[in-house]
Structures are given as C-alpha cells and as structure tokens.
1. Yes or no: the range 269-290 includes at least one residue that is surrounded by fewer than 13 Cβ atoms within 10 Å (Cβ to Cβ), outside the structural domain of T91 (by TED's automatic domain parsing) and modelled with pLDDT under 90.
2. Would you check which residues across the range 38-78 are farther than 27 Å from D9 by Cα and either among the aromatic types (F, W, Y) or in a loop (DSSP other than H, G, I, E, B) (or both) and list them?
3. What are the pairs, 6+ residues apart or on separate chains, where a residue within the range 36-52 that is closer than 15 Å to D293 by Cα has its Cβ under 6 Å from a residue that is at pLDDT 90 or above and crowded, with 18+ Cβ neighbours inside 10 Å?
4. When the residues of the range 116-139 are filtered to those that are at pLDDT 85 or above and charged (D, E, K, R), which remaining residue is surrounded by the most Cβ atoms within 10 Å (Cβ to Cβ)?
5. Of everything in the range 132-170, what is in a helix (DSSP H, G or I), closer than 19 Å to N10 by Cβ and of a type in the set (A, V, I, L, M)? Give them in sequence order.
6. Would you confirm, using the coordinates I've provided, whether E210 is modelled with pLDDT of 90 or more, more than 18 Å from the chain's Cα centre (by Cα) and under 26 Å from S264 (Cβ atoms)?
7. Just the residues that are closer than 23 Å to N195 by Cβ, free of Cβ contacts under 8 Å to residues at least 40 places away in the same chain and either assigned to a helix (DSSP H, G or I) or aromatic (F, W, Y) (or both), please, taken from the range 234-257.
8. Does any residue of the range 217-236 turn out to be at pLDDT below 85, among the small types (G, A, S), surrounded by fewer than 16 Cβ atoms within 10 Å (Cβ to Cβ) and outside the structural domain of E110 (by TED's automatic domain parsing)?
Amino acid sequence: MTTQKLRDDNNKTELVEIVSRRAVLEGTNEVADGLNFFKHVTPPVHPHHGVYSPSICIIAQGAKEVQMGEHLFRYDPSQFLLTSFDVPVSTRIVEASPDKPFLGLKMDLEPTLIASVSVEAGVSPGKNDCVKSIDVGRLEGDLLDAFVRLFRLLDCPSDFRVVSPLVIREIIYRLLMSDHGPRLRQMAAYNGHTNRIGKAVQTLRTRFNEALSIEDLARDLGMSVSSFHQHFKTATSMSPLQFQKLLRLQEARRLLLSEDVDASSAALRVGYDDASQFTREYKRLFGDPPMRDVARFKQLSAAGKS
C-alpha cells in the first residue's frame, strides 16, 4: 500500500468518526453556518425532490443517487458532488443500514469567495461557454485531507471561527486547480453566457408561478432563443420550461404537505390554469396524484412517530 493510499484510508476512517459523532439526529444536522451533516439509518422509501444550491457534497458512509434532468449521478465515499447553480433535483439514498447508516455532508459555496480565491490564484474567471452544473469528482489526496482538517476544527469553536476560513479557501483553491475548475469558476463568472444563465435560473426560481415568455427572457438576457435554450440545457440538463415545471411541482407539494390547501388551490398558486394537467404532471413526477401523495406522507410520518 502506498503512503498516499494509507493517508486517504486513514482520512476516510476519521471522516466517518467525525460525521457519526456529530450527526446525532436522523436527517439533517446543522453543525455550522453553511455546513450540514446528514444521517439516515435506512434508505427513505421514496426519492426526495428539492433544489440543490451551489455546494459540495461528500459521503462518509453509504451511497446516493442524484437525478438532474436526464442525468443520473451516483456517488459514494470515494467521490464528491459539486453543484454550481440552484437546480431542481431528485435524490435517493441507495446504501444505508442500522449497522452502517448513511453519513453525508453538504457545504455551501459562496461565489464571491470563489472569485476572490480565483484572483489570488491567477485563475481566469471563466469562458463564455457553460458546463454542466452538477458533476462528481474523485475525493482523495490533498482535497480529502483539507476537508478532514476542516471538520477537526469543529471540536474547538474558537479554532473553527479563526482557522476554518483559511481551510475553506484551500478547498476552493484545490477545486479550482482540478478538472472541476471550470464548474467552480462558473459560479464566479461575471460576463458571458454563464452569468446570463445564472440570471435566468434566478428569474425562474423567483417567478416560477408566472406565465413567463422564454422569448422575452432570452431577449432580456441579450441572447437568441436558440442560444439561450442550448446554454441553459447544457448547464441544467433541462429546458427552461422543464426547469420551471419542476419548481412549480415541488412548491405545490410543499404547500400540500405544510399548509391546509387542496390540490386545486395548490395548482393555482404555483401557476397552473388546468387542474387536470397539474394532477397528471404531479403524478408523473411523484408517483401518486396530489391528495393520495399527501395521505401517504402523513401515514409514513405517523408510523415514524409511533
């Protein structure tokens, strides 16, 4: 066994110990601002639908699948998952058990910090072409070591407050210098198509319930409709309308589960004029019609509390 392989194995063992010690609750455990640890003793029965923000995700133990549009990503302790835009995804934990629960973490990435490190490193802010907004990479060597050093600091709040910004800058630097540099630089780009697609994503996120014209959106961004479609799909793996539909359906599900509304009311609030179309598309995404889906979740929730 090489020295590097031994070092990686030791770091991965320590990573499991750190996350298992701090992820005391089933589900999400916030350990610091922008840093969450996750624990699942058994894989959830159904996929989770939500939005991934710019971040890096790591698995200490277990495995997970992330679906973005037509692309499916599977990653485990040997890999990380990097996200450069706010994108709607479907996730599924595929390896977890009471003996070896799923242990993972998500660290948010700030575009302004990435831009700062890019300047210090003398790295170009990025080209005009887009790259896919989610991908996986190898978690090993100096990058893995930096993450373990960061999480060790959690044991001493004063050390974490003072030293963690330096280690986070190191992590960003190592990502910038890797094959995933273009994806990271995509978050910090100020000009060109990448920045325009980022603006389009934010527009669709904040105005998903409106009847937006893709032609008008493309014109406002200074792009042709065909170029806008091409670059948007490259970055998000879906068309702007598919992106908007996923956001609408996810918000409708949140309304149904957390507020006392019926399916028709939820459909109207997220921008659907046709209730039957809403029901069809909801079932296609979540597996059941709206009210049956809500009833199933309430039943599962009640069973989990009993």
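The values are calculated or read from the model by the stated rules, or taken from the named source; none is laboratory data. Fair warning: this is a prediction, and the values are worked out from it, not measured in the lab. With ideal geometry, Cβ positions are generated from the backbone for all residues, glycine too; neighbour counts draw on all protein chains shown.
1. Yes - at least one qualifying residue is present in the range 269-290.
2. Result: P44, V45, H46, P47, Y52, S53, P54, G69, E70.
3. Matching pairs, first to second residue: P47/S90; H48/T91; H49/S90; H49/Q250.
4. Checking each candidate, the answer is D135.
5. Residues satisfying the conditions are L143, L144, A146, V148, L150, L153, L154, V167.
6. On the way: modelled with pLDDT of 90 or more: yes; more than 18 Å from the chain's Cα centre (by Cα): yes; under 26 Å from S264 (Cβ atoms): yes.
When the stated conditions are applied, E210 passes them.
7. L241
8. Looking for residues that are at pLDDT below 85, among the small types (G, A, S), surrounded by fewer than 16 Cβ atoms within 10 Å (Cβ to Cβ) and outside the structural domain of E110 (by TED's automatic domain parsing), one finds none in the range 217-236, hence no.
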